[in-house]
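The values are calculated or read from the model by the stated rules, or taken from the named source; none is laboratory data. On a predicted model such as this, the values are computed, not experimentally measured, just so you know. For neighbour counting, all protein chains shown are included, and Cβ atoms are generated from backbone atoms with ideal geometry for every residue, glycine included. What goes into the accessible areas is simple: the full protein's heavy atoms, side chains included, and nothing from ligands, DNA or RNA. Shrake-Rupley method; radii C 1.70, N 1.55, O 1.52, S 1.80 Å.
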Amino acid sequence: MLKINGLTTGYNIGRKAGMVLQENMTAVVKTKQLICVLGPNGAGKSTLLKTLSGFLKPLSGKILYDDKPIDKLDLKTLARLVSVVLTDRFSDLYLTAFDVVRMGRFPYVSFLGKMRPSDVDFIHETMEKLGVISLKEKPFYNLSDGERQKVLIARALVQDTPFLMLDEPVAFIDSPGKIEIMELLTSLAHDQGKAVIMTTHDMDTGLRYADSLWLIHRQKPLLTGIPEDMVLQGRVGEYFQRPGLLFDREKGIFRSSRKTGKDRGIIFVRLMGREAQWLAKALERNGFTVKAAHDLPEKGYFAFFEGGIFYLSQNGCKPEKFSDIASLLSVLLKRFDV
């Protein structure tokens, strides 16, 4: 268990007073959960992670691992408790992917740094599970962002710790790769019993995958809770809202509060199935207001999807048929722009 009591994070600047980023944070972290730390740029997400993992000293407060203060733990003991994946880049051009992963075993090797055959087997098994064994001999420097991130996670996993901390693990990774990594981290927490704490600026990732959200802000206290409660209680909007942006609690996304483009009017849509959902997105993107309806209204436009066809009816009349959203949208735009 990780306990944080009255923690203040930031930096000491010479003999001057320290730069405080977060004050008086209190939280408890147990294993078998994925925690996403969300906050605006400059809120101190990375600093918090580095402080919890021992890279930075807290300005005040306590960090306890199984009731033992972090400053009382020697390096090797701490390395067997916490593994970290930071955003720092490796500058060595000659390290292979295997070289990077094997670094994770340093808390367990002999005084001379020699690994046992079981250590090598464990590294190979871990790289195999993460799908990076084929990269074993490739220079780490030449790997793609997604490949590097998997290799770094493999390094953290061979460190074999109950706590895994990652700084922006899905930044600059394409959507399929992002999902792949988040599914992996979820499995590590739920299936392998680890406590995974990750920072992210991606709201959708936090709301979709986190068992618990930690919301941080330079001018506000740390808030913790499950994503659904945070959304419904207005906490997400409170911590991230800014002029010109509003948080949509129904859809879990931010929207512009400013009127941009044309306000083309209302379209009633039968919101059943993914095709109708994507139709609604296309309509909203083009300035229409979408309202849910199940049956044809007497007045106004009504759109729905059925049997592989998109339909559009006006004022209760016989619906027109369209093979795709683009065709239906084209007709509507012409009529509303007249």
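What to note about this one:
- Distant-in-sequence amide H partners of residue 300 (H built 1.01 Å from N, under 5 Å): 315
- The residue list 38, 195, 205 was ranked by how far each Cα lies along the charge dipole of the chain toward its positive end, using unit charges on Cβ atoms, and 38 comes out on top.
- Cα long-axis angle, helix 325-336 against the chain (0 to 90 degrees, to the nearest 10): 50
- Rounded if a/c under 1.5, otherwise prolate or oblate - the range 45-93, Cα gyration tensor axes: oblate
- Charge dipole of the range 275-338 (Cα centre as origin; +1 on each Lys and Arg Cβ, -1 on each Asp and Glu Cβ, all else neutral): 180 debye, rounded to the nearest 20.
- Using alpha-carbon coordinates, inclination of helix 117-129 to the longest axis of the chain, degrees: 10
- Here's how it looks for residue 173: its modeled amide H is under 5 Å from none belonging to a residue 5 or more places away or on a different chain.
- Cα-based helix-to-principal-axis angle, 274-285 vs the chain, degrees rounded to 10: 80
- Taking the Cα centre of the range 27-81 as origin and assigning +1 to Lys and Arg Cβ atoms and -1 to Asp and Glu Cβ atoms, the resulting dipole is close to 80 debye.
- The chain, helix-only ellipticity at 222 nm - DSSP H runs n ≥ 4, -39,500 (n - 2.57), divided by all residues, nearest 500: -9000 deg cm²/dmol
- Residue-level accessible surface for residue 134, protein heavy atoms, 1.4 Å, Å²: 90
- Whichever lysines have a C-alpha closer than 28 Å to that of residue 291, once near sequence neighbours (fewer than 8 apart) are set aside: 251, 259, 262, 281, 299, 318, 321, 334
- Tail fraction, Cα-Cα pairs, the range 41-135, threshold 21 Å, whole percent: 49
- Whole-angstrom Cα spans of the range 88-167 along principal axes, big to small: 32, 27, 23
- Across all directions, the average flat footprint of the convex hull enclosing the Cα atoms of the chain is 22.8 nm².
- Backbone phi angles across the range 147-162, fed through the Karplus curve with coefficients 6.51, -1.76 and 1.60 (θ = phi - 60°), yield HN-Hα couplings of 5, 4, 5, 5, 5, 5, 5, 4, 4, 5, 6, 6, 6, 6, 10, x Hz in residue order; Gly and Pro are listed as x.
- Signed unit charges on C-beta, dipole axis of the chain, positive-most listed residue 87, 271, 152: 87
- Sequence-distant residues sharing a close amide H with residue 60 (under 5 Å, placed H): 8
- Antiparallel content of DSSP bridges confined to the chain, in %, to 5: 55
- Projecting the Cα positions of 53, 172, 301 onto the charge dipole of the chain (unit charges on Cβ atoms of Lys, Arg, Asp and Glu, taken about the Cα centre) puts 53 furthest along the positive direction.
- Treating r as the C-beta distance of residue 327 and residue 95 and R0 as 45 Å, the FRET efficiency rounds to 0.25.
- Normalised contact order of the range 3-131, rounded percent, pairs of Cα under 8 Å and 6 or more residues apart: 22
- Size of charge dipole - the chain - debye, nearest 20, with Cβ of Lys, Arg +1 and Asp, Glu -1, no other charges: 940
- Distance from the range 284-338 to the range 211-238 (C-alpha centre basis), Å: 38
- Its relative contact order, with pairs defined as Cα atoms under 8 Å and 6+ residues apart, puts the range 48-204 at 28 percent.
- Mean separation of Cα pairs under 8 Å and 6 or more residues apart, divided by the residue count, gives the range 129-254 a relative contact order of 16 percent.
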